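Participant: Below is one structure. I have some questions about it.
The values are calculated or read from the model by the stated rules, or taken from the named source; none is laboratory data. Small disclaimer: the values here were computed from a predicted structure and weren't measured. Cβ placement follows ideal geometry from the backbone for every residue including glycine, while neighbour counts extend to all protein chains displayed. Calculation scope for accessible area: heavy atoms of the full protein, side chains included, ligands and nucleic acids excluded. Shrake-Rupley method; radii C 1.70, N 1.55, O 1.52, S 1.80 Å.
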Protein chains: 2
Amino acid sequence: MQLLKDKIKNEGVITEDNILMVDGFLNHKIDTNFINQLADEFIAQFDTTNINKILTIETSGIVIAYAVASKLGVPFVFAKKSLNVNITNDLYSTKIVSHTHFREFDVLVSKKCIDPCDNVLIIDDFLANGSALQGLLNICKQAKCNVNGIGIVIEKTFLAGSELIREQGYDVKSLVKIEEINYAKNLIKFA
Amino acid sequence: MQLLKDKIKNEGVITEDNILMVDGFLNHKIDTNFINQLADEFIAQFDTTNINKILTIETSGIVIAYAVASKLGVPFVFAKKSLNVNITNDLYSTKIVSHTHFREFDVLVSKKCIDPCDNVLIIDDFLANGSALQGLLNICKQAKCNVNGIGIVIEKTFLAGSELIREQGYDVKSLVKIEEINYAKNLIKFA
């Protein structure tokens with residue numbers, strides 16, 4: 001998606017540890033007109049006929065998930081991350097390791113929020129090591145719902161996540177793929 | 001707003017410690033069609049002519065803030081909460097105490113995201129003790145921006161927050177006001 005590549009080139013910031021920051025339009029200050037265009041692109045790329053629910057994980061997935069769900073007129077669910085929680089019978093739960101925080105989190109979804117008959121489209125902002133996404137997929141397995149597809153705004157193909165998830169047979173579509181981020185070279189190389 | 005009262009009566013859950021849970025439509029699973037109606041109501045209640053930015057705080061404020069910002073075609077900013085962070089020169093920061101988590105958080109907004117010329121509408125899901133909202137107002141004072149109004153989905157008038165904020169002269173509008181929540185009586189009393 002050229003529009004997104006241009007936005008990343010113009011407004012993305014590379015930190016010294018080679019992390020791409022998109023705080024100016026996606027993760028802190030949100031350019032709503034732009035996000036709505038990303039949502040349109042997801043809807044164009046997937047067959048959304050049967051999708052009845054969008055699933056994402058807090059925090060930054062909420063924005064793009066809401067935009068897609070709102071345009072489709074369906075509800076969305078954001079999985080909650082927690083450091084210390086009593087797992088109870090009314091929750092689906094799994095553990096993930098955050099790539100950016102180097103910590104283990106519990107990921108939680110109320111059993112009231114996903115049903116076995118649901119046709120879910122998973123939406124998230126980044127796919128890096130795939131831990132958060134694998135967590136959402138584990139939740140979907142527990143709930144026995146259908147995962148119709150996975151839509152990612154920015155995929156980092158130089159990390160293991162995307163291959164791991166695609167090997168499991170899931171339909172992963174990313175609006176842009178990045179194969180190298182390099183602070184020293186001031187380089188964002190798109191795949 | 002009768003629609004919201006009905007939704008709370010039909011789908012809200014009171015916990016044993018008298019907390020109103022709205023996980024079924026506002027805070028975990030999100031009824032996007034309903035949220036869009038709440039956004040329309042905020043836009044009807046405020047003079048939005050000059051509003052050029054929406055401000056909220058993660059996590060659950062993001063949904064309703066996005067809906068309002070998207071309809072107005074303006075960007076929104078969500079303040080980030082953090083337990084341990086190095087406060088740097090490029091951040092506005094303040095401390096808040098979470099009413100539900102009994103913990104102190106740093107609230108952070110990048111200086112790049114708010115400008116002195118901004119006319120801000122603050123939007124949040126709940127107003128209880130007002131700590132989160134006071135944090136956002138402190139950030140706005142640091143940024144020297146205009147706070148044109150404060151829109152709250154659910155105000156708990158039996159807690160100190162709403163009076164504290166209104167005493168400072170801010171225009172606070174809430175879609176519903178609740179004056180009592182009582183688990184034992186299974187009561188949600190609207191003001």
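Participant: Evaluate the relative contact order of the stretch A:127-185 (contact order divided by residue number), counting alpha-carbon pairs under 8 angstrom at least 6 apart; express in whole percent.
Facilitator: The value is 39 percent.
Participant: How far, in nm to one decimal, is A:Asn119 from itself in the other copies if the label point is set 7 angstrom along Cα toward Cβ? Shortest first, please.
Facilitator: Values, ascending and in nm: 4.5.
Participant: So, by mean Cβ neighbours within 10 angstrom, what's the order for A:28-39, B:137-148 with the highest one leading?
Facilitator: A:28-39, B:137-148
Participant: Another question, if that's okay. Mind listing which chymotrypsin sites (Phe, Trp or Tyr not before Pro) in the stretch A:90-175 are in a DSSP loop and have 11 or fewer other Cβ atoms within 10 Å?
Facilitator: Sparse-neighbourhood loop chymotrypsin sites (Phe, Trp or Tyr not before Pro): A:Phe102.
Participant: Okay, next question. Output the peptides A:128-134, A:65-71 sorted from most to least packed, where packing is the average of other Cβ atoms within 10 Å over each peptide's residues.
Facilitator: A:65-71, A:128-134
Participant: OK, next. Which of rounded, prolate, oblate describes the stretch B:36-117, given a ≥ b ≥ c as roots of the alpha-carbon gyration tensor eigenvalues and a/c under 1.5 marking rounded, otherwise prolate only if a/b is larger than b/c?
Facilitator: Because a/c hits 1.5 or more and a/b fails to exceed b/c, the stretch B:36-117 counts as oblate.
Participant: I'd like the antiparallel share, as a percent to the nearest 5, of DSSP beta bridges with both residues in the stretch A:1-120.
Facilitator: If I count the DSSP bridges inside the stretch A:1-120, around 70 percent turn out antiparallel.
Participant: For chain B, what is the relative contact order in percent, using Cα pairs closer than 8 Å and at least 6 residues apart in sequence?
Facilitator: About 19 percent, as a whole number.
Participant: Once you place label points 7 Å from the Cα toward the Cβ at A:Leu159 and A:Lys173, how far apart are they in nm?
Facilitator: Taking the simple label geometry, A:Leu159 and A:Lys173 are separated by 2.3 nm.
Participant: Right, something else. Hey, can you list the residues from the stretch A:31-72 whose accessible area shrinks by 40 Å² or more with all protein chains present, relative to the chain by itself (probe 1.4 Å, no ligands or nucleic acids)?
Facilitator: A:Thr32, A:Thr59, A:Ile62, A:Val63, A:Tyr66
Participant: What does the copy distance list look like for A:Asn10, label position 7 Å along Cα→Cβ, in nm and ordered from shortest?
Facilitator: When each copy's label point is compared with this one, the spacings are 4.4 nm.
Participant: While we're here: With the full set of protein chains in place, find how many percent of the accessible area of chain A is carbon and sulfur; take the probe as 1.4 Å.
Facilitator: C and S atoms contribute 46 percent here.
Participant: Note the angle between two axes, namely the Cα long axis of helix B:131-143 and the longest principal axis of the Cα atoms of chain B, as a number of degrees from 0 to 90, rounded to the nearest 10.
Facilitator: Compared with the principal axis, the helix lies near 20 degrees.
Participant: Please give the solvent-accessible surface of A:Ser110 in Å², to the nearest 10, using a probe radius of 1.4 Å with every protein chain present.
Facilitator: Rounded to the nearest 10, the figure is 20 Å².
Participant: Among B:Val63, B:Val74, B:Val153, which one moves the most in a GNM of chain B with springs linking Cα atoms closer than 10 Å?
Facilitator: It is B:Val74.
Participant: How high is the relative contact order of the stretch A:52-162, given as a whole-number percent (alpha carbon pairs under 8 Å, six or more residues apart)?
Facilitator: About 28 percent, as a whole number.
Participant: Next question. Show me the ranking of peptides A:45-53, B:9-17 by mean Cβ neighbours inside 10 Å, starting with the highest.
Facilitator: Highest-to-lowest ranking by the protection proxy: A:45-53, B:9-17.
Participant: GNM on chain A, C-alpha springs below 10 Å: top fluctuator among A:Val77, A:Val107, A:Val97?
Facilitator: Among A:Val77, A:Val107, A:Val97, the largest GNM mean-square fluctuation belongs to A:Val97.
Participant: Run through the other copies and list how far each one's label point is from that of B:Leu164, in nm with one decimal, shortest first; the point sits 7 Å from Cα along Cα-Cβ.
Facilitator: 4.3
Participant: Just the number, please: buried accessible area between A and B, total of both chains, 1.4 angstrom probe, nearest 100 square angstrom.
Facilitator: 2600
Participant: To the nearest 0.05, how large is the calculated FRET efficiency for A:Gln2 and B:Tyr183 if R₀ is 45 Å and r is the Cβ-Cβ distance?
Facilitator: Once rounded, the FRET efficiency stands at 0.25.
Participant: Need one word for the stretch B:1-65: rounded, prolate or oblate. Basis is the Cα gyration tensor (sqrt eigenvalues a ≥ b ≥ c); a/c below 1.5 gives rounded, then a/b vs b/c decides.
Facilitator: prolate
Participant: How well do other chains shield peptide B:17-29, expressed as the mean number of their Cβ atoms within 10 Å of each residue Cβ?
Facilitator: Mean inter-chain Cβ contacts per residue within 10 Å come to 3.
Participant: Please work out whether the stretch B:42-191 counts as rounded, prolate or oblate from its C-alpha gyration tensor, where a ≥ b ≥ c are the square roots of the eigenvalues and a/c under 1.5 means rounded, while otherwise a/b larger than b/c means prolate and anything else oblate?
Facilitator: oblate
Participant: With the convex hull built on the Cα atoms of the protein assembly as shown, state its orientation-averaged projected area in nm².
Facilitator: 18.4
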